[in-house]
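Scroll down for the structure; my scribbles are underneath it.
No value in this document is a laboratory result; all are computed from the given coordinates. The model shown is predicted, which means the values in this text are computed figures rather than measured ones.
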């Protein structure tokens, strides 16, 4: 099953299809990206944090249907400008995926 979410960012309007539930490789990729985004280098600039998070975000998205975003974006082709809408897009995606990731992280091992 997948989850379709609608972008709240006018410049990048449309939808994204997230994997739901996340697979182990997706959970690991997103967790690794979260760790990378918290390094000293990444913490110097919000754009560096976003760049560090992108591998985890990209691993969790099945389909992209957003204006001004490639059909198959990669870390090096993900929009970085205009700065404010690009940051809003990244923050929205990270928040949506974090909600799925937190569900995966809170699994009891009993």
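At a glance:
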{"item": "Theoretical ellipticity at 222 nm over the chain - DSSP helices of four or more residues, -39500 (n - 2.57) apiece, nearest 500", "result": "-16500 deg cm²/dmol"}
{"item": "GNM result for the chain, Cα springs below 10 Å: residue of 32, 45, 20 fluctuating most strongly", "result": "45"}
{"item": "Relative contact order [Cα under 8 Å, 6+ residues apart], the chain, whole percent", "result": "30"}
